[in-house]
Amino acid sequence: MDLLEYQGKQYFARYDIPVSAGDVATTVDEAVRAADAAGYPVVVKAQVHVGGRGKAGGIKLAADAAEVRTHAAAILGMSIKGHVVRRVWVERASDIAEEYYASFTLDRAAKQHLLMLSARGGVDIEEVAATDPGAIARVHVDPLRGLDAAAARAAAGAARIPERARDGVADVLVALYECFTKGDCDLAEINPLILTTAGSVHALDAKVSLDANAAFRHPEWDEWRATEELDARERLAREKGLQYIGLSGSVGIIANGAGLAMSTLDVVQQVGGAAANFLDIGGGANAELMTAALEVINSDTDVRSIFVNIFGGITRGDEVAKGIVEAVRRVSLRAPIVIRLDGTNAEEGRAILAAAGIPADRLVSRPTMLEAAREAVALAARGL
Ligand code: GDP
Ligand code: MN
């Protein structure tokens with residue numbers, strides 16, 4: 001789940017990362033009230049799930065209430081890279097001496113956390129990364145040992161952060177690492193992390209992505225769900241408790257296991273098709289789950305064929321087949337199903353499907369993943 005800047009700053013504040021005082025507003029009047037409370041000058045910032053707001057005109061300084069009115073009126077309703085601005089964050093403006101960059105992510109290949117830190121932060125960090133990668137220090141952090149103040153200070157040195165800002169940056173890094181790990185983030189990024197003219201270091205922007213698998217231990221995340229950008233299919237899938245991600249192709253995908261689901265997307269692509277979604281129904285592919293999965297896929301009007309790819313392990317092929325037969329009875333599907341059933345009790349499963357008397361233009365079975373993918377892609381190309 002990606003947070004808006006103001007939500008990220010609220011999260012940072014819980015971990016004692018310094019941020020500016022401010023408030024969120026959905027109308028011009030609310031923006032003025034927020035500015036009055038924060039104290040002038042303020043900065044009015046578009047809240048959208050996309051970066052580069054500054055360059056797009058979504059971030060403006062305002063010296064007084066009249067300027068807040070002008071800027072909030074212009075920013076609310078503006079579209080930034082296709083995202084319409086529904087709310088602004090208004091905070092006390094900072095006097096910037098320098099802009100740095102700091103982030104924590106997981107480096108899967110190294111099996112460690114990765115700190116990226118640069119003395120050249122700000123709106124052009126992508127350009128710095130492309131033209132002067134040496135200006136970004138990459139420091140691995142062993143998740144079992146964590147990040148202490150000495151290591152954080154050493155990282156600040158490696159990134160050539162000026163001496164006078166090193167302690168302040170190190171403090172923020174230690175707090176940001178706490179937020180990243182205890183706060184279950186996939187990404188915690190501050191750009192810019194600023195040194196103020198008064199000499200303090202604080203977060204001027206926040207980009208936080210939360211690991212949805214950890215949501216069960218974070219009731220405080222609930223209030224942020226309302227602003228999450230899910231399409232109608234993803235909302236329905238969430239209601240039904242499915243691991244679903246909407247894509248833009250025409251072949252609906254149902255597979256058991258995330259690895260198999262991803263391989264299924266690859267095979268569909270390999271034979272010239274495009275997947276409409278990722279959907280992992282997990283281990284217990286019973287009738288309830290299969291019905292829910294088919295309902296979600298059926299709600300996607302781009303879907304022209306449905307590829308059900310099941311490799312039975314703990315999941316038994318006969319159970320899956322019963323689930324599909326039951327689901328096909330319950331849901332009136334717009335698109336035909338191509339099923340590949342292999343593994344535990346696959347033969348029993350195929351026998352159940354054959355005996356169900358589902359017309360051949362509604363359900364066909366193919367023995368291998370590749371043949372099934374070809375069939376599903378051919379059906380999708382033919383249309384409904
Ligand atoms: P982004 O463009 O979406 O990354 O938005 P940021 O929040 O990073 O803001 C972009 C730029 O606006 C920053 O790099 C700053 O240069 C500038 N900016 C943001 N807040 C302030 C502020 O309080 N004071 C000043 N002087 N500039 C600011
Ligand atoms: Mn930024």
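For the structure I just gave you, tell me whether F311 is of a type in the set (F, W, Y) and at pLDDT 95 or above. No: the conditions fail for F311.
Identify, by number, the condition in (1) farther than 25 Å from A21 by Cβ; (2) touching a Ser or Thr at 6+ places or on another chain (Cβ under 9 Å); (3) of a type in the set (S, T, N, Q) that N191 doesn't meet. Here N191 meets the rest and fails (1).
Counting only strands (runs of 3 or more DSSP E) that sit completely within the range 114-206, those holding 1 or more residues that are of a type in the set (S, T, N, Q) and either within 23 Å of S94 (Cβ to Cβ) or touching a strand residue (DSSP E or B) at 6+ places or on another chain (Cβ under 7 Å) (or both) correspond to 185-196. Looking at the range 156-194 only, could you name the residues that are more than 24 Å from the chain's Cα centre (by Cα), small (G, A, S) and crowded, with 17+ Cβ neighbours inside 10 Å? Once the filter is applied, which keeps residues that are more than 24 Å from the chain's Cα centre (by Cα), small (G, A, S) and crowded, with 17+ Cβ neighbours inside 10 Å, the range 156-194 yields A156, A159, A165, G168, A170. Within the range 51-58, is there a residue that is within 16 Å of ligand 2 (Cβ to nearest atom) and touching a helix residue (DSSP H, G or I) at 6+ places or on another chain (Cβ under 6 Å)? Yes, some residue in the range 51-58 is within 16 Å of ligand 2 (Cβ to nearest atom) and touching a helix residue (DSSP H, G or I) at 6+ places or on another chain (Cβ under 6 Å).
Within the range 21-39, not a single residue is within 16 Å of ligand 2 (Cβ to nearest atom) and either in a loop (DSSP other than H, G, I, E, B) or not small (G, A, S) (or both).
Looking at the range 55-77, is at least one residue in contact (Cβ under 8 Å) with a residue 40 or more places away in the chain and within 12 Å of ligand 1 (Cβ to nearest atom)? The answer is yes, given that some residue of the range 55-77 is in contact (Cβ under 8 Å) with a residue 40 or more places away in the chain and within 12 Å of ligand 1 (Cβ to nearest atom). Here S250 meets the list (1) without any contact (Cβ under 8 Å) to a residue 24 or more places away in the chain; (2) closer than 28 Å to D266 by Cβ almost entirely, failing just condition (1).
Condition check for L195 on (1) within 16 Å of ligand 2 (Cβ to nearest atom); (2) closer than 24 Å to R217 by Cα: one failure, at (2). K45 meets the conditions (1) under 21 Å from F180 (Cβ atoms); (2) not in a loop (DSSP other than H, G, I, E, B) in every case but one. The failed one is (1). Kindly indicate whether H49 is modelled with pLDDT under 95, surrounded by 15 or more Cβ atoms within 10 Å (Cβ to Cβ), more than 22 Å from M116 (Cβ to Cβ) and in contact with a His (Cβ under 9 Å, 6 or more places away or on another chain). Here the answer is no, as H49 does not meet what is asked. Of everything in the range 57-85 that's in a loop (DSSP other than H, G, I, E, B) and modelled with pLDDT under 95, which residue is surrounded by the fewest Cβ atoms within 10 Å (Cβ to Cβ)? The residue in question is G82. In the range 79-96, which residue that is within 14 Å of ligand 1 (Cβ to nearest atom) and under 23 Å from the mean Cα position of the chain (by Cα) is nearest to E5 (Cα to Cα)? Filtering the range 79-96 for residues that are within 14 Å of ligand 1 (Cβ to nearest atom) and under 23 Å from the mean Cα position of the chain (by Cα), the one nearest to E5 (Cα to Cα) comes out as W89. Listed conditions (1) outside any helix (DSSP H, G or I); (2) without any contact (Cβ under 8 Å) to a residue 60 or more places away in the chain; (3) under 25 Å from the mean Cα position of the chain (by Cα) are all met by A13, apart from (1). What residue, among those in the range 90-143 that are without any contact (Cβ under 8 Å) to a residue 40 or more places away in the chain and within 16 Å of ligand 2 (Cβ to nearest atom), is nearest to V172 (Cα to Cα)? By that ranking, first place goes to M116.
The values are calculated or read from the model by the stated rules, or taken from the named source; none is laboratory data. All of these numbers come straight from a predicted model, not from anything done at the bench. Note that each Cβ is placed from the backbone with ideal geometry, even for glycine, and that neighbours are counted across all protein chains shown.
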